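In what follows, a structure is listed as structure tokens, so that the remarks can point back to it.
The values are calculated or read from the model by the stated rules, or taken from the named source; none is laboratory data. Please read all numbers here as calculations on a predicted model, not as lab measurements. Cβ coordinates were reconstructed from backbone atoms using ideal geometry, including for glycine residues, and neighbour counts include every protein chain displayed. Note: accessible area is taken over every heavy atom of the protein model, side chains too, but ligands, DNA and RNA are not part of it. Shrake-Rupley method; radii C 1.70, N 1.55, O 1.52, S 1.80 Å.
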Amino acid sequence: MRLRELTADDLDAVMDNRRRAFGPVSEAFQRRWVGMVTPALDAGRYLGLFDGPRLVATSRIDDFTQYWHGRPISLGGVASVTVAPEDRGRGVGRTLMLATLDRCARLGHPVSALYPA
């Protein structure tokens with residue numbers, strides 16, 4: 001397995017993985033989604049785990065601020081986590097999340113959160 005930042009060239013594979021993980025989406029949603037995730041691509045905040053050339057898992061890190069006791073803390077909001085159905089149970093999600101948390105730390109986020117769908 002190889003982890004790398006996703007690019008605009010990967011978006012078809014990302015959407016395919018997303019559909020298989022979460023279900024079908026409309027064309028209108030897909031157009032909005034591309035606009036929403038492009039900044040994450042440009043900032044190196046959308047990660048993909050590949051088995052050879054095949055995308056098997058994704059995660060996106062949003063840049064948020066969390067306030068604790070009135071103090072702002074940088075927070076990496078973990079989103080768009082997908083694992084291809086045929087790759088579940090192989091440790092892919094664990095590998096992806098460890099890499100995602102490492103990337104959060106490198107981006108300067110001492111805190112991360114995964115929000116439920």
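Per residue, the chain exposes an accessible area of 58 Å² to a 1.4 Å probe, with every protein chain left in place. Quotient of the Cα radius of gyration of segment 63-117 and 2.2 N^0.38 Å, N being its number of residues: 1.31. Between the helical axis of 27-42 and the longest alpha-carbon principal axis of the chain there is an angle of about 50 degrees.
Taking all Cα-Cα distances within the chain, those exceeding 20 Å account for 41%.
Calculated mean residue ellipticity at 222 nm for the chain: -12000 deg cm²/dmol, from DSSP H runs with n ≥ 4 weighted as -39500 (n - 2.57), summed, divided by the residue count and rounded to 500.
Could you state, as a whole-number percent, how many of the C-alpha pairs of segment 3-51 are farther apart than 19 Å? Of all Cα-Cα pairs in segment 3-51, 23 percent lie more than 19 Å apart.
Here the peptides 78-84, 34-40, 12-18, 63-69 are ranked by packing, the mean other Cβ count within 10 Å, and the order with the highest first is 78-84, 12-18, 34-40, 63-69. Taking the 0 to 90 degree range and rounding to the nearest ten, how far is the long axis of helix 92-106 tilted relative to the main principal axis of the chain, both from C-alpha atoms? Value to nearest ten degrees: 40.
Less than 5 angstrom separates the built amide H of Val111 from those of Gly76, all sequence-distant by 5 or more or on a different chain. Once the Cα atoms are used to define both axes, helix 11-22 deviates from the longest principal axis of the chain by about 90 degrees. Charge tally around Ser74: other residues with Cβ under 14 Å, Lys/Arg +1 each, Asp/Glu -1 each, net +2.
Stretching Leu114 away from Arg88 to a fully extended chain increases their span by 7.5 nm, per 0.36 nm per residue minus the current alpha-carbon distance.
Kindly work out what percent of the DSSP beta bridges joining two residues of the chain are antiparallel, to the nearest 5. The antiparallel proportion sits near 85 percent.
What separates the Cα centres of segment 50-84 and segment 1-31 is a distance of 15 Å. Highest GNM mean-square fluctuation among Ala28, Ala57, Ala43, for the chain modelled with Cα contacts below 10 Å: Ala28. Distances between placed amide hydrogens fall under 5 Å for Leu3 paired with Phe50, all partners being 5 or more residues away or on another chain.
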